[in-house]
Amino acid sequence: MGEFELIRQHFQRPGVKLPQDVVLGVGDDGALLRPEPGHELAISTDMLVQERHFFASVDAAALGHKALAVNLSDLAAMGARPLGFTLALALPKADEAWLAAFAKGLFSLADAHACPLVGGDTTRGPLNICITVFGQVRAGRAPRRSAARAGDDLYVSGRTGEARLALEHQRGTAWATGAVGADLRERLERPTPRNALGMALAAVDGMHAAIDLSDGLVGDLGHILAASRVGADIELATLPVAPALVALPEAERLECLLAGGDDYELLFTADPAVRDAVQEAARASATPVTRIGRIKAGASELQLLDAQGQPVSLRVQGFDHFA
């Protein structure tokens, strides 16, 4: 199967009607998108590399899902509605069964978010998946990492740490060798991008900064603190803990919760005056959110507090590809 036959068979979808935002999709030198008047384009790119981001044994459909999910999660942090995406795919060989499963997982999530494939490229090489996603957000409404303010509440959606536990289980790490159910593997292999929540929060006056959690809560919070030149307190007792993490030794549990990565939840800050509006956004999007701390003055200073409000000496850091 040649390159263009591969694209035609697995990635062109002539029977699927494109949204009105997409003027021109797959099949030309470039795609044409038409954002609504009064909106800004939000654009994000993520790359997944075999043995760096996923194991060779991962299910192809799950990989197709995750490749798009991690990009949609970036749009969620910007409060943007998805418009479309491009796919650059390097393959060792044209394996038709693998491609069919990958495309099924990819398009299942794309269709659920009305986010069509509008272009891309394929080549021969080590397995590498690079997606660029496009979205739109009303002008001036996108939360920014640099917008956190002293006094803000600090929130997280869903729960953190489950993907890290599933990863350590796959690696055979001693403290993670207990039973890991299918739901935990789903958190690692098929994360749920929080786009409905992100769009609902972007409409809340008093919603300030946001980031999606790809490299761990503490590491990603650090990006907000550095960009906003503020500090933060995290109240450890308030962190939502999945049942699978409860029985872990405390050090490993906190490592999963605070530095796990691959969560693709939203971490965000908002004025305390809009707590009711934040909870309404959570209800409207069917996504639980938990207030876990506050933003304070003091550039980049982060404190972890115990149940009595006392500082905890704990060294954790987020994931860094080059550390």
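Rundown of residues vs (1) in the same structural domain as Asn71 (by TED's automatic domain parsing); (2) assigned to a loop (DSSP other than H, G, I, E, B); (3) surrounded by fewer than 20 Cβ atoms within 10 Å (Cβ to Cβ), yes/no style:
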position: Leu154; (1), (2), (3): no, no, no
position: Ala163; (1), (2), (3): no, no, no
position: Gln170; (1), (2), (3): no, no, yes
position: Pro193; (1), (2), (3): no, yes, no
position: Met199; (1), (2), (3): no, no, no
position: His208; (1), (2), (3): no, no, no
Residue tally, condition acidic (Asp, Glu), within 20 Å of Val49 (Cβ to Cβ) and in a helix (DSSP H, G or I), over the range 86-122: 0
Only one of Val241, Val246 that is at negative phi, among the aliphatic types (A, V, I, L, M) and free of Cβ contacts under 8 Å to residues at least 40 places away in the same chain: Val246
Pairs where the first residue, in the range 33-51, is assigned by TED's automatic domain parsing to the domain that holds Lys66 and over 19 Å from Phe102 (Cα atoms) and the second is charged (D, E, K, R) and assigned to a strand (DSSP E or B), C-beta under 8 Å, 6+ apart: Gly38/Arg138; His39/Arg138; Glu40/Arg138
Scan of the range 244-276 for residues that are over 12 Å from Arg164 (Cα atoms), touching an Asp or Glu at 6+ places or on another chain (Cβ under 8 Å) and part of a helix (DSSP H, G or I), ordered by number: Pro272, Val274, Arg275
Those residues of the range 16-26 which are without any contact (Cβ under 8 Å) to a residue 24 or more places away in the chain and either under 18 Å from Gly105 (Cα atoms) or surrounded by 10 or more Cβ atoms within 10 Å (Cβ to Cβ) (or both), in sequence order: Val23
So Ala227, is it assigned to a loop (DSSP other than H, G, I, E, B) and either at pLDDT 95 or above or surrounded by fewer than 24 Cβ atoms within 10 Å (Cβ to Cβ) (or both): no
In the range 1-45, the residues that are in a helix (DSSP H, G or I) and among the β-branched types (Val, Ile, Thr): Ile7
Yes/no for Thr132 being at pLDDT 95 or above, of a type in the set (Val, Ile, Thr), closer than 22 Å to Arg13 by Cα and not assigned by TED's automatic domain parsing to the domain that holds Gly198: yes
Among the candidates Thr86, Thr123, residue that is in contact with a Gly (Cβ under 7 Å, 6 or more places away or on another chain), of a type in the set (S, T, N, Q) and either in contact (Cβ under 8 Å) with a residue 60 or more places away in the chain or outside the structural domain of Gly261 (by TED's automatic domain parsing) (or both): Thr86
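The values are calculated or read from the model by the stated rules, or taken from the named source; none is laboratory data. Being a predicted model, the structure only gives us computed values, none of them experimental. Don't worry about glycine lacking a Cβ; one is built from the backbone with ideal geometry, like all the others, and counts go over all protein chains shown.
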